[in-house]
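In what follows, a single structure is set out as C-alpha cells and then discussed.
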Amino acid sequence: MGLLLDDAVIIKLSEKEEEPTIITVNCPDKTGLGSDLCRIILFFGLTVTRTDMSTDGKWCYIVFWVIGKQVTRWSLLKKRLMGACPSYYSLASGISYYRAELQPPKPSDVFLLKLCCHDRGGLLYDVTEVLCELELTIERVKVSTTPDGKVVDLFFVTDTRELLHTNSRKDDACFHLKLVLGDVIISCDIEMASPEVTACSQGPSFLSDAIAEEMFDIEMLDKRQDDCTAFNCPSITMDNLLSPSHTLVQIVCQNHKGLLYDVMRTLKDYNIQISYGRFTTGGKSNGEMDLFIMQADGKKIIDPSKQNALRSRLQTELSRPLRVALISRGPDTELLVANPVELSGKGRPLVFHDITLALKKLNTPIFSAEIVRYEVGDREWEIYRVLLDEGDGSSIPKKKIEETVWDMLMRWE
C-alpha cells in the first residue's frame, strides 16, 4: 500500500552535539525533487555534510546528514519537507513526474506589508529576521529613509503557510514585528497586493551596461577573481563508460553554504534526472560528488555539446553562485548582489537576510534598498540593490564590505 504520509520524512536527531542529525526522505520521485529539498534545508540554515540518494525512476530514497542549530525547528522542517514530497496516491494513479510538460504549481498570493518606523541601526535586519521566522518569503522590497529620520518599508511577501489572507495571521505578523521593534514602529499594515501594484513593484531594468558587464561577464569575472568574490574553479568530469545507462558526473570543488542546492538547482533547470548520487565533504574546505544522471528521455548525455554546456554551467554556478559588487554613485556607495533564479521562478533563500545581517555586523546603516528581477541573456536574476548611508563620516573599505557580505552569503558563521 506504500508508506504512510508521516513516514515519507524521518528525522533522527543527533545524540551528541558534534554528531549530525539524519534526515531520511522516502517518497515518489519527480525531476527536481532534490533541488526542492535542498532549498528547504538551506532555508532552515542547516549544513549538509553528506548525502546519499537513489531512485528507480518512480520511487526515491534520500538520506541527508546535517548539522543543525539550537534554534532549529525540526518539527516544522519535517512538515516543509513532507510538503515538497509528491503524494503516494499520485504515483498510484499513474502520474509521471518525469514529464517536462507538467504544469507548474499555482503561484502563491502576494501581499504588501507596509511598515513605517523611526530609523535605528540594524532595523532592516530585525524586520527581515522576523519575516523569516514567520515563514514569510520576501519577493520584492522597497525601503527608503525620509529626511526626518523615518523609514518606510514596503515588503512584497508570500506566505509559506498560505494563511496571510486571514486576519489572525496578519495580526500575528504585526504583533511579532511590534514585539521586536518596540517603540520605533509607527504603523504596520498588511493587504493583498493587486496585480497593478505587484507589476509596478518590479520596476524597469536599472543596471547600466557597464555595471551589467562587470557583474555578469564571465571572462571579466575570471580576471578579477580573488578570495572575497569567487571560489577556486571546480573540477567536473563526465564518464559514459562506467555505466551502461547513465552518465557519471564527478565534482570536486571548494565547499560553501548551499553547495548541494547549487548543483541540484542546475540539474533541475536542465531537466536532468539523478538515479544515484553521493555527496561528501571534508569539513568546510572541500566537497565531492558522484552523480549518475540521465536526460528526461532516459538516455545518457552523449552529445559533446550538451556535455560541454552542462559542465560549463556547473562550473559557473559553483565558482560564483552569487555576484557581489560595490560601486560608487557619485558621493554614495551602492551594494549590488545578484542571485540566479531557477526556471521555477525561485531564487536562493535568505539572501536579503544575510546581506542585512552582514551590514548590521559592520554597523553600516542602510539608506534605501530594493529587490527587482533583471534578465541577462536567457537567464533571470534577482538583484538586491542597497544604498549605504555614509552620512556619519565613517568609512569602511569597500573590500571589507564585499568580504563580509560574501562570507555571510557563502560561508559558515
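Any read-out appearing in this document is the output of simple, stated calculations on the displayed coordinates, not a laboratory observation. Predicted model, so just to flag it, every value in this text is computed and none were measured. Note that each Cβ is placed from the backbone with ideal geometry, even for glycine, and that neighbours are counted across all protein chains shown.
Taking neighbour Cβ counts within 10 Å as the exposure measure, how do TRP59, TRP381 sort from fewest upward?
Working: TRP59 16, TRP381 22.
In increasing order of surrounding Cβ atoms, one gets TRP59, TRP381.
With each pseudo-label sitting 7 Å past Cα toward Cβ, what's the LYS150-SER108 distance in nm, one decimal? About 3.0 nm separates the two model spin labels. Taking label points 7 Å from Cα along the Cα-to-Cβ direction, ARG161 and SER328 give a separation of 4.8 nm.
Distant-in-sequence amide contacts of GLU342, defined by a placed amide H-H separation under 5 Å and a gap of 5 or more residues or a different chain, comprise GLY347. If only the Cβ of Lys and Arg carry +1 and only the Cβ of Asp and Glu carry -1, the dipole of segment 108-202 around its Cα centre is close to 180 debye. A straight Cα-to-Cα reach below 25 Å connects LYS398 with the lysines LYS142, LYS223, LYS257, LYS360, LYS361, residues fewer than 8 places away in its own chain not being considered.
Ordering LEU163, VAL152, THR137 by the projection of their Cα atoms onto the charge dipole of segment 108-202, which places +1 on the Cβ of Lys and Arg and -1 on the Cβ of Asp and Glu, puts VAL152 at the extreme positive end.
What is the order of SER35, SER368, SER14, fewest Cβ neighbours within 10 Å to most?
Ranked by crowding around the Cβ, least crowded first: SER14, SER368, SER35.
The order of TYR374, TYR384, going from fewest to most other C-beta atoms within 10 Å of their C-beta, is TYR374, TYR384.
Whose amide H sits under 5 Å from the amide H of CYS85, counting only residues 5 or more places off or on another chain, with H placed in the peptide plane? Residues meeting the criterion, in which the H sits 1.01 Å from N, do not exist here.
Counting Lys and Arg as +1 and Asp and Glu as -1 over every other residue whose Cβ lies under 10 Å from the Cβ of ASP126, the net charge comes to +1. Extending 7 Å from the Cα toward the beta-carbon at both VAL180 and LEU343 defines two label points whose distance is 3.5 nm.
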